[in-house]
Amino acid sequence: MSEILTLASSSNGRVSGKSWKERKTATVRTHLQDGVKTKSWEVRMQKIQKALAIKKLENELKEEKQAELQRRREVTTERKRIAEDKRRLEEAKAQMGARKAARMRRREGRTKKINH
């Protein structure tokens, strides 16, 4: 007795002859990274948390150093500004003194030629 085989009306029973259309399988890797090899999720999470804590500490130290440099710059610029103001006031005072002295000489009648 011969068995009757029914043909599939859909592509369920057919196999493609094209190699790139075949069913894919997972790639076999011989060199796995350390993070992938560890079986324990907690161990990996601990490593990640430790790395994050170290990075946070480094950032804090970097920010402190930056803040210290900024503070020093501000102190220096403040000193320069104060010195410039002082110099400008001295010049203005000297100029005012010279103007007043010139006015007094003019009132007294003294000039450059007659300076007694």
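The values are calculated or read from the model by the stated rules, or taken from the named source; none is laboratory data. Treat the numbers as computed from the prediction; the structure is a model and nothing was measured. The accessibility values were calculated without ligands, DNA or RNA, using every heavy atom of the protein model including side chains. Shrake-Rupley method; radii C 1.70, N 1.55, O 1.52, S 1.80 Å.
Numbers below:
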quantity: Karplus-derived HN-Hα couplings along the range 59-68 (A = 6.51, B = -1.76, C = 1.60, θ = phi - 60°), whole Hz, x at Gly and Pro; calculated: 5, 4, 4, 5, 5, 4, 4, 5, 5, 5
quantity: M96, M104, reordered so the largest accessible area comes first (probe 1.4 Å); calculated: M96, M104
quantity: Proximal aspartates and glutamates relative to K50, as straight alpha-carbon distance under 19 Å, when same-chain residues fewer than 8 apart are discounted; calculated: D34, E42, E58, E60
quantity: Reachable aspartates and glutamates, given that their alpha-carbon falls under 16 Å from the alpha-carbon of K56 and they are not under 8 places away in the same chain; calculated: E64
quantity: Portion, in percent, of the accessible area of the range 41-103 that falls on carbon or sulfur, probe 1.4 Å; calculated: 58
quantity: Per residue value of the accessible surface for the range 40-109 (all protein chains in place, 1.4 Å probe), Å²; calculated: 98
quantity: Rg to Rh, two decimals, where the range 40-109 supplies the alpha carbon set and Rh follows Kirkwood; calculated: 1.71
quantity: Cross-link partners of K37 among lysines (Cα-Cα below 18 Å; sequence separation of 8 or more within a chain); calculated: K47
